[in-house]
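**Q** The following block contains the structure, expressed as structure tokens.
Every number in this text was worked out from the coordinates using simple rules, so none of it is lab data. Keep in mind that this is a model prediction, so the values were computed, not measured. We place every Cβ from the backbone using ideal geometry, glycine too, and count neighbours over all the protein chains shown.
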Amino acid sequence: MEPTDEDERGFWAEAAAAMPKPAATEKPHFLGHRQRLRARFREAGETALSDYEILELLLFRSIPRADTKARAKALLKRFGSLAEVLGAPEKLLCEVDDVGEAAALDLKIVAAAARRMAHSAIREREVLSSWDSVIAYCRSAMAFEPREQFRILFLDKKNMLIADEVQQVGTVDHTPVYPREVVRRALELSATAIILVHNHPSGDPSPSRADIDMTRTIVESAKPLGISVHDHIIVGKNGHASMKGLRLI
């Protein structure tokens with residue numbers, strides 16, 4: 001007896017019913033975590049989050065399809081703190097497992113934005129009345145650099161910032177500084193005062209004998225030309241030191 005159309009329809013319906021149904025697509029587990037973390041930040045602010053959670057938030061956009069918690073913790077383990085992560089060279093950031101070039105570059109962009117914010121706090125203001133802002137800017141700009149830098153803040157007669165320049169970049173423990181060049185540049189900019197700044201990559205901001213001698217030479221060279229050295233600030237991962245505050249100049 002030949003099968004009818006009705007028989008064939010019944011056969012295929014039974015076969016379809018017997019086939020396993022595809023499982024519902026599940027959302028990646030980290031999506032809910034991201035939503036919760038964003039909600040906590042929105043509702044309670046940064047103080048409600050730990051450093052690794054803030055770092056996670058920064059990594060969300062550069063690593064959109066993976067869990068960033070392990071990466072954030074690995075970065076902090078490698079470099080020690082959120083500030084040190086942002087201050088680390090791009091090449092070293094890329095060495096951390098699963099942190100690619102895109103994420104490393106994004107972190108450096110965040111660090112650059114933070115420096116710009118700190119710099120804006122001293123630009124077009126009377127610098128000596130914003131001393132905490134000066135220290136904050138110097139630390140954000142230099143404290144976590146892997147090599148010594150010698151920076152000068154040039155001021156006018158009202159102690160307004162004229163220019164902010166890195167004069168020399170040295171090694172991990174030394175930067176060559178030439179007092180004559182410091183004074184020459186101040187005269188070029190018509191600066192009447194300067195603030196000297198350099199970093200100690202070791203982390204300890206205590207001035208060395210060489211730091212003290214070099215500073216005093218600059219003070220003696222600048223004074224006859226009407227240029228005051230307000231201070232020499234040394235910054236490091238562990239804080240900062242003011243030579244004026246230590247009565248070394």
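**Q** Relative contact order for region 31-116 using alpha-carbon pairs under 8 Å, separation at least 6, rounded to a whole percent?
**A** Reported as a whole number, the value is 23 percent.
**Q** Given springs between every Cα pair under 10 Å in a Gaussian network model of the chain, which of Glu95, Glu145, Glu84 has the largest fluctuation?
**A** Sorting by GNM fluctuation, first place goes to Glu95.
**Q** Taking neighbour counts of Cβ atoms within 10 Å as a proxy for exposure, in what order, fewest first, do Leu57, Leu225, Leu128 appear?
**A** Leu225, Leu128, Leu57
**Q** Toward the positive end of the charge dipole of region 120-240, about the Cα centre and with charges on Cβ (Lys, Arg +1; Asp, Glu -1), which of Gly226, Ile122, Leu196 goes farthest?
**A** Checking the options against the dipole of region 120-240, the answer is Gly226.
**Q** Here's something else I'd like to know. So how far, in whole Å, is the C-alpha centre of region 137-162 from the one of region 54-131?
**A** Cα centroid to Cα centroid, the span is 20 Å.
**Q** Assign unit charges at the C-beta atoms only (+1 for Lys and Arg, -1 for Asp and Glu), then state the dipole size of the chain relative to its Cα centre in Debye, rounded to the nearest 20.
**A** Dipole of the chain, to the nearest 20 debye: 1540 debye.
**Q** How big is the charge dipole of region 60-147 about its Cα centre, in debye rounded to the nearest 20, if each Lys and Arg gets +1 on its Cβ and each Asp and Glu gets -1 on its Cβ?
**A** Approximately 100 debye in magnitude.
**Q** Sticking with this structure for a sec: What number of lysine-lysine pairs in the chain show an alpha-carbon separation below 24 angstrom, given a sequence spacing of 8 or more or placement on distinct chains?
**A** Lysine pair count for the chain: 19.
**Q** A follow-up question, please. Would you mind calculating the relative contact order of the chain from Cα pairs under 8 angstrom and at least 6 residues apart, reporting the percent as a whole number?
**A** Averaging sequence separation for qualifying contacts and normalising by length gives 12 percent for the chain.
**Q** Could you work out the Rg to Rh ratio of the chain, with Rh taken as the Kirkwood radius (inverse of the mean 1/r over all Cα pairs)?
**A** Radius of gyration over Kirkwood radius for the chain works out to 1.32.
**Q** Ok, one more. As a test of the formula, what do you get for the chain when each DSSP H run with n ≥ 4 contributes -39,500 (n - 2.57) and the sum is divided by the residue count, at 222 nm and rounded to the nearest 500 deg cm²/dmol?
**A** When only DSSP H runs of four or more count, the value is -14500 deg cm²/dmol.
**Q** Apply the Karplus curve 6.51 cos²θ - 1.76 cosθ + 1.60, θ = phi - 60°, to the phi angles in region 127-140 and return the couplings in whole Hz, x for Gly and Pro.
**A** Residue by residue, region 127-140 yields 4, 5, 8, 10, 5, 4, 5, 4, 4, 4, 5, 4, 5, 5 Hz.
**Q** Calculate the FRET efficiency for Asp213 and Ala121 from the Cβ-Cβ distance with a Förster distance of 30 Å, rounded to the nearest 0.05.
**A** 0.40
**Q** Taking H placed 1.01 Å from N in the peptide plane, check which residues at least 5 places from Ser208 or on another chain put their amide H under 5 Å from its amide H.
**A** Long-range HN contacts for Ser208: none found.
**Q** Which whole-number percent gives the relative contact order of region 126-242, counting Cα pairs below 8 Å spaced six or more residues apart?
**A** 29
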